Amino acid sequence: MGEEKSKSRGWCGWFIALIVLAAVILAVVYMVKSKMKKSDDGDGAGPVPGPPGAIDKKYADALKLSLQFFDIQKSGRLVNNKISWRGDSGLKDGSEADLDLSKGLYDAGDHIKFGFPMAFTATVLSWSILEYGDQMDVVNQLDPAKESLRWTTDYFIKAHPSDNVLYIQVGDPKVDHPCWERPETMKGKRPLIKVDADTPGTEVAAETAAAMASASLVFKDSDPQYSATLLKHAKQLFDFADTKRGSYSVNIPEVQDYYNSTGYGDELLWAASWLYHATEDRTYLDYVTKHGNEFASFGNPTWFSWDNKLAGTQVLLSRLLFFKKDLSGSKGLGSYRDTAKAVMCGLLPKSPTATTSRSNGGLVLVSEWNALQQSVSAAFLASLFSDYMLTSRLHKISCNGKIFKATELRDFAKSQADYILGKNPMGMSFVVGYGDKYPEYIHHRGASIPEDATTGCLDGFEYFNSTKPNPNIAYGALVRGPFLNETFRDARDNVRQNEPTTYNNALLVGLMSSLVTTSSALQSLK
């Protein structure tokens, strides 16, 4: 009888323990499901991405290629030259003004150094390094990126010999464009164009200020003296741009056929934003809040490009509200972030305010001239904004009342990147050297002429007219891309679609860097 009683108590104890265990398991499951639902609804904090994780090889390969294109575009005496078919060129550039303007980057498939888009290239390259340098470093691309940036900012330092003087162009398109020759053998005149107090150029001076301010942050730890030099030039150029206002393409009509500016207000805001990040001097923050209503076009989403910096400025200033709590009450900054959100809502395909400027394959297309610029710039900004949100544990964005996750912005960025890399109706990559099918006849003088050929200005057209693919592969060059009907003609005379540019490649570097792996956004760029 006593033994039966003991067994009964034993079974009862086990039964109670099982009930308690089941209750604990159910409670844990309920809590996990509740947290998941909360996160799905966009209200939960959710996990913050950590240090760089697993590498996505396709984006890593594309990043390496996209940076290689800058080596192809370098002017000057090439130190540690990595491109077998490139050599020294432009060594006497700037000599007519007793300046050494031999460095810098050739703009596209020609041999002009256009200062306005070159400065934009440097600013975007700096921004990419500042935001995603850790991800670049994981795939050994941080040093090449910084090297190409410094090659460009070395040029800008020399191009700004005094406070109110900036040389903004080397070479004359009317002399350069009728010739088809390698940069190493060009013999045409290389005249200079400058802006100064008598002939101001606000947008180009301000963009160059932005380039030097952002680059000063890149080199702040590794070379403090060089960083200080860049920042000094940035401040001087911003003062010049703001106090001596005037559009460079109005004052210098000959630039209108190439890089005509549609206004300088965006560059002033862009430069002031970068100077605030570089200095934390509230004077620059006050500038963007004071002049926002005048220049920022609040509530009107725009496309980020070498000509229009508003969307980029709005995203850059948004990061302050995401990460600097002491600025949360700033009414002016709130307008910038609200407009940045409107930009993001326009990109999300299922948003009520989604742009209709898309191909059937999902590529954002705004213009049939250099179509990929807006595609890649929109994707870059979407990646940045998504990372700001995730790091801040803000997992939702409302577009006219419809809720979207931050991760959907990243999905959009990936869709544009994947299209560019070959996931499109044409089945081709628009990055030279990436994938099995890519443009082989790009509009690029150096790529199209054998390195051992001896040509003058005109006889090089033998190679322009050749039916053979370019003998030199311009690895990493992002061409201008397809038309809205998703057609593309791979031909040297197809400048509209088949010419690469350095500023498109800078945006591509930013996009691919953001997708190489996942990591949290830096809460300060300093």
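Quick note on segment 248-290: its Rg to Rh ratio, both from C-alpha atoms and Rh being the Kirkwood radius, is 1.17.
Here is the size of segment 344-410 from its Cα atoms: Rg then Dmax, 12.4, 39 Å.
Measuring max minus min along each principal axis, the C-alpha atoms of segment 164-239 give extents of 43, 33, 15 Å (largest first).
Helix 115-138 and the longest principal axis of the C-alpha atoms of the chain enclose an angle of approximately 30°. Among residues other than Ala145 with Cβ under 13 Å from its Cβ, the summed charge is -3 (Lys and Arg +1, Asp and Glu -1). When Val495, Val432 are compared by accessible area at a 1.4 angstrom probe, the order from most to least is Val495, Val432. Solvent-accessible area of Tyr463, all protein chains in place: 50 Å² (probe radius 1.4 Å, heavy atoms, ligands and nucleic acids excluded).
Taking amide H positions as modeled 1.01 Å from N, with prolines and chain starts lacking one, the residues under 5 Å from Asp107 and 5 or more places away or on another chain are Ile112, Phe114. Listed by chain and number, the aspartates and glutamates placed with their C-alpha closer than 18 angstrom to that of Lys405 are Asp40, Asp41, Asp43, Asp338, Asp387; residues fewer than eight positions away on the same chain are left out.
Could you tell me how many degrees, from 0 to 90 and to the nearest 10, lie between the Cα long axis of helix 202-218 and the main elongation axis, the longest principal axis, of the Cα atoms of the chain? That helix lies at roughly 50 degrees to the long axis. Solvent exposure of the chain amounts to 42 Å² per residue of accessible area, where only protein heavy atoms count and the probe is 1.4 Å.
As a size descriptor, the averaged projected area of the C-alpha convex hull of segment 322-450 was calculated at 10.4 nm². Solvent-accessible area of Glu440, all protein chains in place: 90 Å² (probe radius 1.4 Å, heavy atoms, ligands and nucleic acids excluded).
Summarising the amide proton neighbourhood of Gly201: residues at separation of 5 or more, or on other chains, whose placed amide H is nearer than 5 Å comprise Asp196.
Of Lys113/Lys187; Lys220/Lys290; Lys244/Lys324; Lys244/Lys290, which pairs sit farther than 27 Å apart, going by alpha carbon to alpha carbon? From the list (Lys113/Lys187; Lys220/Lys290; Lys244/Lys324; Lys244/Lys290), the Cα-Cα distance tops 27 Å for Lys220/Lys290; Lys244/Lys324. Counting only lysines at least 8 places from Lys58 when in the same chain, those with an alpha carbon closer than 23 Å to its own are Lys82, Lys146, Lys414, Lys423, Lys437.
Less than 5 angstrom separates the built amide H of Lys396 from those of Ala406, all sequence-distant by 5 or more or on a different chain. Helix 331-347 and the longest principal axis of the C-alpha atoms of the chain enclose an angle of approximately 90°. Only one of (i) 30.6; (ii) 24.5; (iii) 26.1 was calculated from the structure for mean projected area of the Cα convex hull in nm², and its label is (i). Adding -39500 (n - 2.57) for every DSSP H run of four residues or longer, then dividing by how many residues the chain holds, sets the calculated 222 nm ellipticity at -16000 deg cm²/dmol. Bridging of Lys194 to aspartates and glutamates at a Cα separation below 16 Å is possible for Asp93, Glu96, Asp98, Asp100, Asp163, Asp172, Glu203, Glu207, Glu254, once same-chain residues fewer than 8 apart are set aside.
Which percent of the accessible heavy-atom area of segment 50-518 goes to carbon and sulfur, probe 1.4 angstrom? Show your work: numbers first, answer last.
Working: 8190 of 17130 Å².
The C+S portion of the solvent-accessible surface of segment 50-518 is 48 percent.
The values are calculated or read from the model by the stated rules, or taken from the named source; none is laboratory data. Since the structure is predicted, the reported quantities are computational estimates derived from the model, not experimental observations. Virtual Cβ from ideal backbone geometry, glycine too; neighbours counted across all protein chains shown. Accessible surface areas use protein heavy atoms only, side chains included; no ligands, DNA or RNA. Shrake-Rupley method; radii C 1.70, N 1.55, O 1.52, S 1.80 Å.
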